[in-house]
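Data block below; observations after.
Here, each number is a calculation from the coordinates, and none is a lab measurement. It should be emphasised that the depicted structure is a prediction, and the values quoted were computed from it without experimental measurement. Cβ placement follows ideal geometry from the backbone for every residue including glycine, while neighbour counts extend to all protein chains displayed.
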Amino acid sequence: MRKILIADDRAPSRELIREILEISGYEVVEACDGGEALEKARELTPDLILLDIEMPTLGGFDVIRQLRTDPRFAVTPIVALTASAMQGDREKALQAGFTGYISKPVRLAALRAEVARLLQ
Amino acid sequence: MTYRGVSQKLTTLVDYAHMASAEKGAASSGTDNLGSEETRPRPATTSAISPSLSEQRFEDLLEAAPDGIIEVDQDGNIQLANAAVERMFGYTRAELLNRPVDLLVPQASRGMHHTHRAAYWSHPVTRPMGSGLELLAERKDGKSIPVEISLSPTHYKDGFRVTAIIRDISARRAADQKLREIQELHTRQLATANEQLEARNREVERANRLKSEFLASMSHELRTPLHTIIGFAELLGEQLEGPLNSKQQRFVEHIHRDSLHLLELINDILDLSKIEAGHLEIHPTAFEFSMALGEVLATVRHPALAKSISLESVCENGLNIEADRVRIKEVLYNLLSNAVKFTPEHGAIRVKVGAAAGHVEISVDDSGIGIPAEEQASIFDAFHQVGATTRGVREGTGLGLAITKRLVEQHGGKISVESAPGRGSKFTVTLPLRNAAVKVKDFEER
Ligand SMILES: Nc1ncnc2c1ncn2[C@@H]1O[C@H](COP(=O)(O)OP(=O)(O)OP(=O)(O)O)[C@@H](O)[C@H]1O
Ligand SMILES: [Mg+2]
């Protein structure tokens with residue numbers, strides 16, 4: 001079963017994503033901040049990571065910087081899932097090394113399609 | 001005084017008169033007394049005038065001259081002084097005649113003056129004195145006055161004399177000084193204005209940055225809860241956790257639709273600030289016009305019904321247009337909600353949509369309060385509301401038509417109004433069927 005790590009500081013948001021993805025047959029692991037996201041990523045080496053950008057302690061940009069320097073995560077699809085949806089935010093994310101960018105509020109169909117595409 | 005001496009003086013003075021009239025601007029009004037060529041015939045040669053007449057003319061000219069004129073002999077004693085000298089220096093002529101010219105030279109310069117005078121006698125020509133220097137003369141009361149002096153030698157049987165024409169330039173100096181002060185003042189004022197402008201620019205930049213930051217954080221904070229509201233509503237609607245009864249399904253649909261509407265509102269507020277900043281972008285898609293119109297009519301049907309306003313629409317079937325569907329709906333909504341808002345009970349609203357020559361024409365016609373002719377242009381300005389007509393209809397901010405006009409123009413279209421107070425209003429929008437606007441990269445994720 002494909003393993004997906006979701007990092008988000010809001011529990012309802014984690015639960016929502018977990019529900020959406022579990023229905024589609026993925027194994028979902030949660031992290032409630034950037035630090036935990038790093039730990040879980042190193043421990044479980046998920047197939048895909050959905051990272052919120054604004055999180056306490058360690059933000060999404062810090063997490064991806066550290067992950068991308070680790071050879072085990074050089075090509076892992078890591079997607080920004082964020083409520084930062086102003087002009088330039090997508091470009092900023094892609095430049096920082098994110099594989100994809102999905103803005104909140106997320107639409108179920110769009111999220112499922114993107115995840116399926118990245119895990120092909 | 002000998003005849004010859006007098007005639008030579010006359011020549012000198014006539015020359016001087018020329019010089020003075022050429023320099024009218026600087027000379028005082030006394031210049032007129034020298035006599036213009038029209039009023040007083042100037043002697044062509046001195047010999048044409050009899051000695052006594054010539055003498056008299058000389059006296060007249062001398063006394064009328066606005067500048068001081070003195071004649072100094074080779075010993076440095078004053079031999080002649082005119083009235084202007086008396087005025088300028090405060091001495092009577094008796095106090096000056098046969099007295100050393102040093103009397104008129106400031107104490108500090110007397111030594112040098114002596115040397116200069118000696119030098120002049122060795123090379124006596126007509127020239128300005130101390131050219132390039134700021135000359136000072138001393139009055140009887142000890143005050144110094146700035147002067148310009150020109151020297152010309154006069155030949156006598158017994159040797160040279162020098163005629164000095166002395167011009168008091170205090171007034172000119174004062175004017176120069178005043179001018180310099182004004183220039184300095186202007187320079188200072190300009191510098192201050194520039195500083196203020198720069199400070200203002202910095203302030204505007206700061207305000208713009210704060211505004212962007214505010215909008216970004218507002219957008220983020222509103223999207224975060226909407227994310228779970230919309231997401232869970234969609235999840236519930238999928239009924240994967242078990243079937244919902246029809247009522248529950250409807251409730252979930254309401255939540256879903258309204259939360260999507262809220263998302264649209266957030267995007268619209270952000271658009272508004274983009275419109276102001278001139279960054280509005282449109283995302284054209286092909287759609288059937290009557291569908292979009294139907295959706296908008298559905299939202300205004302209820303408020304129209306509440307005021308017993310009849311709502312009629314005629315739309316060509318199968319009319320397809322390439323435009324930003326959300327924006328076009330916004331345009332329709334703004335016009336229709338205005339029509340409902342500004343039409344009293346039992347009125348009527350008619351919407352007509354038709355295509356012709358690559359364009360679609362949409363008109364929204366109401367039987368409402370109307371708009372006075374002089375207001376018809378300004379209602380399209382942001383925050384402009386017609387005072388008299390909006391009295392009693394207080395809701396709204398006056399942004400609707402401003403946004404509508406920008407949206408229509410961004411689509412390459414036009415909007416106009418025909419109206420008269422008490423006789424209703426008709427807004428007409430013309431849009432190209434194919435969108436000519438440049439398709440740009442998404443400004444904002446939706
Ligand atoms: N159909 C109409 N009949 C009479 N007056 C109108 C009509 N439409 C607009 N106006 C006048 O033009 C003004 C500007 O309209 P606009 O839609 O921009 O603002 P608003 O409706 O007052 O507020 P908002 O649309 O921002 O909620 C209105 O306040 C009203 O005075
Ligand atoms: Mg309005």
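If you count, for every residue in A:5-13, the Cβ atoms of partner chains within 10 Å of its Cβ, what is the mean? Could you put the intermediate results ahead of the total?
Values: counts 0, 0, 0, 2, 1, 4, 1, 7, 5.
Neighbouring Cβ atoms belonging to other protein chains average 2 per residue here.
Volume per residue of the convex hull around the Cα atoms, evaluated for segment B:57-187, comes out as 130 Å³. Across all directions, the average projected area of the convex hull around the alpha carbons of segment A:3-119 is 6.3 nm². Scanning residues 5 or more positions from A:Ala31 or on other chains, those with amide H under 5 Å from its amide H are A:Ile6, A:Ala7, A:Asp8, with H placed 1.01 Å from N in the peptide plane. For A:Met55, the residues whose modelled amide H falls within less than 5 Å of its own, excluding neighbours fewer than 5 places apart on the same chain, are A:Gly60. Residues A:Met55, B:Met218, A:Met1 in ascending order of nearby Cβ atoms (within 10 Å, fewest first): A:Met1, B:Met218, A:Met55.
Checked against a 19 Å cut-off, the cross-linked pairs B:Lys307/B:Lys341; B:Lys341/B:Lys426; B:Lys405/B:Lys426; B:Lys307/B:Lys329; B:Lys329/B:Lys405; B:Lys352/B:Lys414 give Cα-Cα distances beyond that limit for B:Lys307/B:Lys329. Placing dummy labels 7 Å off each Cα toward the beta-carbon, the span from A:Thr45 to B:Ser378 is 7.2 nm.
Rounded to the nearest 20, the size of the Cβ-charge dipole of segment A:3-119 about its Cα centre is 400 debye, with Lys and Arg at +1 and Asp and Glu at -1. A simple spin-label model places the labels of B:Asp141 and B:Glu361 8.9 nm from each other, with each point 7 Å out along Cα-to-Cβ.
Loop-located trypsin sites (Lys or Arg not before Pro) across segment B:292-326 with a Cβ neighbour count of 14 or fewer within 10 Å are B:Lys307, with loop assigned by DSSP. Taking a sphere under 12 Å around the Cβ of B:Thr92 and counting the other residues whose Cβ falls inside, with K and R at +1 and D and E at -1, yields a net charge of +2. Once backbone amide H atoms are built at 1.01 Å from N, B:Ala355 has B:Glu361 as its partners under 5 Å, excluding neighbours fewer than 5 places away on the same chain.
Can you tell me the alpha carbon radius of gyration of the protein assembly as shown divided by the globular rule-of-thumb value 2.2 N^0.38 Å?
Details: Rg = 47.5 Å, N = 566, 2.2 N^0.38 = 24.5 Å.
So the Cα radius of gyration is 1.94 times the expected 2.2 N^0.38 Å.
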